[in-house]
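Let me begin by presenting the structure, written as structure tokens, before commenting on it.
The values are calculated or read from the model by the stated rules, or taken from the named source; none is laboratory data. A quick note: this is a predicted structure, and the numbers were derived from the prediction, not measured. With ideal geometry, Cβ positions are generated from the backbone for all residues, glycine too; neighbour counts draw on all protein chains shown.
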Amino acid sequence: MSEAPMPVPASAVSDASAPPGPLAEFWGSFSANRGAVLGLVVVVAVLAMAAFAPWIAPHPPDLTNNAVFLRPPAWSEGGSWSYLLGTDAIGRDILSRLIWGGRLSLTIGIAVVALSIVTGITLGMVAGFARGATEIAIMRAMDIILTLPSLLLAIVIVAILGPGLMNAMLAVSVVVLPHYVRITRAAVIAETAKDYVTAARLTGAGLARLMFVEVLPNCAAPLIVQASLGVSTAILDAAALGFLGLGAQPPAPEWGTMLADAREFVLRAWWVVTFPGVMILVTVLAFNLLGDGLRDALDPKLRR
């Protein structure tokens with residue numbers, strides 16, 4: 001006589017049929033994009049390299065050695081394993097400067113995005129809620145900024161304020177600001193037409209609550225995507241200003257400044273130009289891949 005089958009608990013049936021949570025759904029969509037996962041891995045690696053720079057850099061970034069001017073990488077003839085990626089024209093270790101430069105470049109990118117996103121959200125919310133003449137004034141100002149070449153505008157701002165890291169960060173913040181203002185304004189206009197905002201107004205919600213409690217959280221997805229892409233833009237623009245001598249000033253180990261210092265040695269010491277350029281390329285590409293993955297995972301229309 002066969003045994004009666006064991007009853008299946010109702011909780012197990014409900015757990016099996018329950019849809020995945022928002023976080024699990026987001027990660028499932030994000031992890032399906034191999035490029036986005038690769039970008040995330042590289043970004044985390046660069047962040048870890050920057051955070052632990054004092055412990056993993058083999059030499060101080062500004063330490064010079066008269067005996068090893070333009071020493072090639074360790075695997076080349078005449079190289080030394082004490083200077084894995086070689087040295088520059090005054091005997092500084094390139095690997096150490098790249099590691100410390102990652103800290104400086106990421107700080108620039110994150111600070112620029114933080115300043116731009118706070119200012120952009122504020123202006124975009126004001127334009128989206130105020131409408132009328134206020135909206136026209138804000139958006140026409142953003143349109144004027146967008147019509148100017150971004151690097152040229154940054155150069156003009158730094159030329160007015162004076163060369164320096166802080167002024168370069170401010171200039172890049174102004175250049176990328178219109179993107180956050182336009183995204184926030186468009187999201188606010190779309191959200192204020194929905195029923196939950198109307199219901200909040202009918203319950204007596206004030207303007208501050210409507211802006212920052214009801215509407216702003218629902219505008220976060222496009223802003224997160226733009227922020228991840230904005231870090232790469234900020235790093236690239238800051239490196240360009242550093243290359244032109246308008247950003248971080250020597251002896252700061254910033255990647256663009258390293259490229260500027262190595263211009264005259266490009267034909268006889270390829271490593272002093274190649275490695276900073278590769279770091280800029282890899283980091284910017286990683287943030288772009290990460291931003292594309294976040295866009296696909298946060299937008300229901302683009303989920304796979």
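Here are the numbers for the structure shown:
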read-out	value
Condition check for residue 103: out of contact with any His (no Cβ under 9 Å at 6 or more places or on another chain) and not in a helix (DSSP H, G or I)	no
Given (1) within 30 Å of residue 47 (Cβ to Cβ); (2) small (Gly, Ala, Ser); (3) in contact with a Lys or Arg (Cβ under 7 Å, 6 or more places away or on another chain), index of the condition residue 109 fails	(3)
Elements of type helices (runs of 4 or more DSSP H) contained in the stretch 216-304, each with 2 or more residues being of a type in the set (S, T, N, Q) and either in contact (Cβ under 8 Å) with a residue 12 or more places away in the chain or within 17 Å of residue 95 (Cα to Cα) (or both)	220-243, 271-298
Criterion: surrounded by fewer than 22 Cβ atoms within 10 Å (Cβ to Cβ) and either outside any helix (DSSP H, G or I) or not hydroxyl-bearing (Ser, Thr, Tyr) (or both) - qualifying residue of 117, 144	144
Verdict on residue 138 being at pLDDT 90 or above, crowded, with 16+ Cβ neighbours inside 10 Å and more than 20 Å from residue 227 (Cα to Cα)	yes
Pair list, Cβ < 7 Å and 6+ apart or interchain, from the stretch 114-128 residues that are more than 7 Å from residue 185 (Cα to Cα) to residues that are surrounded by fewer than 23 Cβ atoms within 10 Å (Cβ to Cβ) and of a type outside the set (A, V, I, L, M, F, W, C)	126/134
Odd one out for residue 77 among (1) surrounded by 15 or more Cβ atoms within 10 Å (Cβ to Cβ); (2) of a type outside the set (A, V, I, L, M); (3) free of Cβ contacts under 8 Å to residues at least 24 places away in the same chain	(1)
